[in-house]
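Single-structure report; data block below.
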Amino acid sequence: MEPFKQIADKGQLYFFSCSWPPSEAEIILRKTTIPELTARLLQMVLTKRSKSSKVTRLVSSIGQYLIYHINNGKKKTSKHVAFPFCIKRKTGSKAVINWASKFGRGLSYDDVLILETHLAMEYAKDQEFKSFTPALIQPSQFVTFVWDNNDINHESLKGFSLHCINGIIIQSSRLVLNKPEPTSVPTSSQAARKVKPKTFKPMPVEIPAYVQIKRNNTENQSHIQRNLYEEVERRSFAIDTLWVIAKCQASIANVEQKIPNWTGFNYLLCNEISDDYHKIGYLPAINQSPSHHDTVLELLYQSKIKAEKLGLTETDVVLDMTIYSKAVEIILNPRYIDLKKFIVLRLGAFHTTCIFIAVIGKRFGDAGLRDIVIESNILGESSVEQILKGKHYNNAVRILKYFYDAMKRRFLESFEQAVLEHSDTLDISYQALINSAEFKDFLSLPTNETMKELCAKHKEVIDEIQLHEKSLLDGNLGPTVSVWASFLKMVQILFDFLRSVKLGDWKLHLQSTERMLRWMFAYDRPNYARFLTLYWVNMQKMPQTHPEVHNQFELGNYSVRRHHGKFNEIPSDQTIEQTINRQQKCGREINGFSISEGTVQRWVLTNHVAAKCQGKMEQFLGISEANSVTKDLARKRIIFDEECVVRS
């Protein structure tokens, strides 16, 4: 009985043993401690072998179950708080929560309402000052703010849908976290006197009105230079060309393919796994529609106030096109010159990538790309229609990698034929590349060093391949070949853009963005044609207008690495989609259970806490463990990818 006596006697060790309801920091940061004798007993019962992560998880789960029930629910554990809180957000079902409570698996529905209301009341105070930043964000260090629209479809008597704007704050993890301030633990008498309401009184929404003032003439942009970073673009082309040549050799020799697909190949070229990653903090949502200038002005001012609180003089704000277009209008308004001097507006790279994929789909969908994908049995017809519209992002990028590889192989055959007919010297140089010792080393183990050696010794051949593709693009072999040469050109621009994000290469990012512009104009994307041009111009001027932010971008802090690894950075706007936006999505959200403004505000004010709570719970369950090695390196995946390329 000694293990159970420990549970009953040492109440101060456990989660929320004195104070209820808890704060956000207590929910997210504090963990329930299982007494040592209890943990040993449970481990002996569960297994006789060495301790595994599964056994550790079960010991913690069952131990919390014992703590909760031996103390008759008076000492609430982390599992019993997080589980029903997440159930309410995912299902909105009072019955399911109460069933779980009756089985002893969590709080009752009323307790969850008390918890939500308490958290909302805490954040209602922060909303008045508009300066809240998560505890994990360190002062005096560069941060990026990302804001995005989230449609939560709340039930309305007038039939209107409710939008809110979610926000996250991103910072590099190179710094050591500050020690959290000690929190006072109230006595039982204090806890008993704590107010525990279940309903939230709606707070007045005070958002400053946007005042439109006719702005001055557009600034002179004559000093902007083009093609500043062609050298990094040529290196990117050389990498992709050598990737296809290497894959070709295995196909020609009729041996098993060992060179992985594009992502895996670039993964191998990176020198070492980075220990650095980015911390992501959730911000309280703005309970207004992003279609209004007032709301966009509010998020800009909130970003400025939060950054000033952190001791910064400049900051970076990432938006999608809907919000970016209105933010640009506000920034150019002379009334808000302080925002223009403080904030660097960036257009989300993820949404830009999706639009450019849609441009490729519009140009080549009816030219045969749709039929080839369907007939090669790589994707179904309905999926193909979606990727041609820029949807189904992962499938779209994967298909374009296959067809770039297949098309490039045909063009390399054309190049080999051309050098045989017209230039004996070039033929010798190309064969020297294929038969060189460094190329064989490269085939056995692609690395950054062997890549640099190949590019240096065989630069002439790679340049000739690029010139040959340009001649085909100019129509030397007819209009049909010219059209599909433009396919290679457009996908190469896409690859350059993706590589710039995954490596944090700011120069390549600017160069590939410039290459995208003409296609945005050509294929009826007026918003991106206008605002992507302005974005590119402003980014070029950043060394003069915002030098501190520019230095951070040069260091690679414009994209986000969520986990340790290499070649795994993602755009900032994709980060918010994968974090708070994804974690808020569920079958019902808040649709159908209330039309009360207080209930809706409570949901909005606490949704970032719920998202963090879900992330912590998934981490405990082992569901969200990050794998730093890309799937493209698996042997079965390499074989599968090669089969898809052959069928293309």
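The values are calculated or read from the model by the stated rules, or taken from the named source; none is laboratory data. Since the model is a prediction, treat every value here as computed from it, not as a measurement. Positions of Cβ are backbone-derived with ideal geometry, glycine not excepted, and every protein chain shown enters the neighbour counts. Quick note on the areas: whole protein, heavy atoms, side chains included, nothing else; ligands and nucleic acids left out. Shrake-Rupley method; radii C 1.70, N 1.55, O 1.52, S 1.80 Å.
Things to note:
- Checking residue 89 against (1) open to solvent by less than 40 Å² (accessible area, probe 1.4 Å); (2) free of Cβ contacts under 8 Å to residues at least 60 places away in the same chain; (3) under 32 Å from the mean Cα position of the chain (by Cα), the condition it does not meet: (2)
- Residue 294 falls short on exactly one of the conditions (1) over 27 Å from residue 569 (Cβ atoms); (2) touching a Lys or Arg at 6+ places or on another chain (Cβ under 9 Å), and that condition is (2).
- Each residue in the stretch 311-325 was checked for being more than 13 Å from residue 534 (Cβ to Cβ) and open to solvent by 10 Å² or more (accessible area, probe 1.4 Å), and 6 of them qualify.
- Set side by side, the residues 240, 276 differ, and just one is of a type in the set (Asp, Glu), touching a Lys or Arg at 6+ places or on another chain (Cβ under 9 Å) and surrounded by 15 or more Cβ atoms within 10 Å (Cβ to Cβ), which is 240.
- Here the stretch 387-400 is the region considered, the condition is being assigned to a helix (DSSP H, G or I) and open to solvent by less than 20 Å² (accessible area, probe 1.4 Å), and the residue that is nearest to residue 377 (Cα to Cα) is 399.
- Any hit, the stretch 315-329, residues being closer than 30 Å to residue 407 by Cβ, in a helix (DSSP H, G or I) and of a type in the set (Gly, Ala, Ser): no
- Hey, residue 26 modelled with pLDDT of 80 or more and either under 30 Å from residue 118 (Cβ atoms) or open to solvent by less than 70 Å² (accessible area, probe 1.4 Å) (or both) or not: yes
- Of the residues 339, 420, 347, the single one that is of a type in the set (A, V, I, L, M) and open to solvent by 60 Å² or more (accessible area, probe 1.4 Å) is 420.
- Among (1) over 30 Å from residue 236 (Cβ atoms); (2) open to solvent by 10 Å² or more (accessible area, probe 1.4 Å); (3) not in a strand (DSSP E or B), the one test that residue 268 misses: (1)
- Within the stretch 464-499, being among the polar types (S, T, N, Q), in a helix (DSSP H, G or I) and open to solvent by 60 Å² or more (accessible area, probe 1.4 Å) holds for 466, 480.
- Identification of helices (runs of 4 or more DSSP H) wholly contained in the stretch 38-102 with 2 or more residues that are modelled with pLDDT under 85 and over 30 Å from residue 581 (Cβ atoms) yields 53-70.
- Only one entry in 642, 577, 625 is modelled with pLDDT under 70 and either open to solvent by 50 Å² or more (accessible area, probe 1.4 Å) or charged (D, E, K, R) (or both), namely 625.
- Some residue of the stretch 556-573 being in a helix (DSSP H, G or I), in contact (Cβ under 8 Å) with a residue 60 or more places away in the chain and either among the basic types (Lys, Arg) or closer than 29 Å to residue 163 by Cβ (or both): yes
- Residue check for residue 61: free of Cβ contacts under 8 Å to residues at least 24 places away in the same chain, of a type in the set (Gly, Ala, Ser) and in contact with a Lys or Arg (Cβ under 7 Å, 6 or more places away or on another chain): yes
- Test: residue in the stretch 500-514 that is part of a loop (DSSP other than H, G, I, E, B), charged (D, E, K, R), in contact (Cβ under 8 Å) with a residue 24 or more places away in the chain and on the phi > 0 side of the Ramachandran plot: no
- Among the residues of the stretch 273-307, those that are part of a strand (DSSP E or B) and touching a Gly at 6+ places or on another chain (Cβ under 9 Å) comprise 274, 282, 283, 284, 285, 286.
- The stretch 342-360, residues that are assigned to a helix (DSSP H, G or I) and either at pLDDT below 95 or under 14 Å from residue 570 (Cβ atoms) (or both): 349, 350, 351, 352, 353, 354
- Residue in the stretch 207-222 that is open to solvent by 40 Å² or more (accessible area, probe 1.4 Å) and assigned to a helix (DSSP H, G or I) present: no
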